[in-house]
Amino acid sequence: MLTDEAVLTEFRDAGALLEGHFVLSSGNHSTAYLQCARVLMDAKRAERLCAALAGKIRAAGLADGIDLVVSPAMGGVVVGYEMGRQLGLPAIFFERVDGVFALRRGFRIEPGQRCIMVEDVVTTGLSSRECIEAAEAAGGTVVAAASLVDRSGGRAKLPVPFVPLIRLDIPIFPPDQIPASVKGIPAVKPGSRGLKV
Ligand SMILES: O=P(O)(O)OC[C@H]1O[C@H](OP(=O)(O)OP(=O)(O)O)[C@H](O)[C@@H]1O
Ligand SMILES: O=C(O)c1cc(=O)[nH]c(=O)[nH]1
Ligand SMILES: [Mg+2]
C-alpha cells in the first residue's frame, strides 16, 4: 500500500509532473500533464507502483478469475506488461490503426476470456472505454479496469469497476474555454492519438 503522497513523490522524482500548456488526447487543454512514460522508464519504480496497484485490485476483490491484461498503446504498453507480471497474467495491447484500436502481432483474445483493462492515465475515460469496447468486440469479457492515475476526480465513467492507484482532480478546458492566461503559452501535445508523421 502506498499513500497518495508516496505516489506523487515517485512522479515528482521521475520528473513526470509537468506544468505548461498541453493538448490532451481528448482535445481538451490543461496546464498540468502526468508524463507516465517518465515514471515507467525506471523498472524498479514501475515495479513499486504496479505492485501497489495490484494490491489495490486484490483488496477490491477484483483479481480472482481474471485471465488477461489488455491495454491501449502507447501509454498502456509498459504499465500493462508490468501489471501482467504483478498479477501473474499474460498481457497484450491494442494499437491504433487509422485511429481505431486493433490487435496486431499475433495477439488474440479467446472467446469469453476475462480481461482487466489497464491504462497509464485516465482523463475523460475515452481511451479506456474504446479499449474496453475493442476487447469485447475481440471476444473478451472485460470485468475490471485499473490505471496508475485517474486525473478526472472520479468524473470519468467506465462500464466496469475501476481501480486507480491515485485519484487527482486536475482541471481541463474544452478548446473554446481556454483561459486567456493559458492561451498565451505555446501548446504541446505529448500523446500519440492523431499524431501525423
Ligand atoms: O481518458 P482520456 O481522455 O482518453 O485520456 C487519457 C489517455 O491519453 C493518453 O494517451 P494518448 O491518446 O495521448 O496516446 P498515447 O497513449 O499513445 O501516448 C493516455 O495514455 C491515455 O490513454
Ligand atoms: O489526457 C491526456 O491525454 C493525458 C493527460 C495526462 O496527464 N497524461 C497523459 O499522459 N495524458
Ligand atoms: Mg494512451
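The values are calculated or read from the model by the stated rules, or taken from the named source; none is laboratory data. Treat the numbers as computed from the prediction; the structure is a model and nothing was measured. When we count neighbours, we look across all protein chains shown, and the Cβ atoms used for this are built from the backbone with ideal geometry, even at glycine.
Do any residues in the stretch 159-173 that are of a type in the set (Lys, Arg) have Cβ atoms under 9 Å from those of residues that are part of a loop (DSSP other than H, G, I, E, B), where the two are at least six apart or on different chains, and which pairs are they?
Sorted first by the residue in the stretch 159-173, then by its partner, the pairs are Arg167/Arg151; Arg167/Gly153; Arg167/Gly154.
Only one of Val142, Val188 is buried (at least 17 other Cβ atoms within 10 Å of the Cβ) and either under 16 Å from the mean Cα position of the chain (by Cα) or touching a residue at least 24 places away in the same chain (Cβ under 8 Å) (or both); which?
After ruling out the rest, the residue left standing is Val142.
Can you tell me which of Leu62, Leu49, Leu53, Leu68 is over 25 Å from Leu8 (Cα atoms), away from ligand 3 (no atom under 16 Å from the Cβ) and not polar (S, T, N, Q)?
Leu68
List the residue pairs whose Cβ atoms are under 8 Å apart, where the first residue sits in the stretch 20-31 and is on the phi < 0 side of the Ramachandran plot and at pLDDT 95 or above, the second is more than 7 Å from ligand 2 (Cβ to nearest atom) and acidic (Asp, Glu), and the two are 6 or more positions apart or on different chains.
Thr31/Glu19
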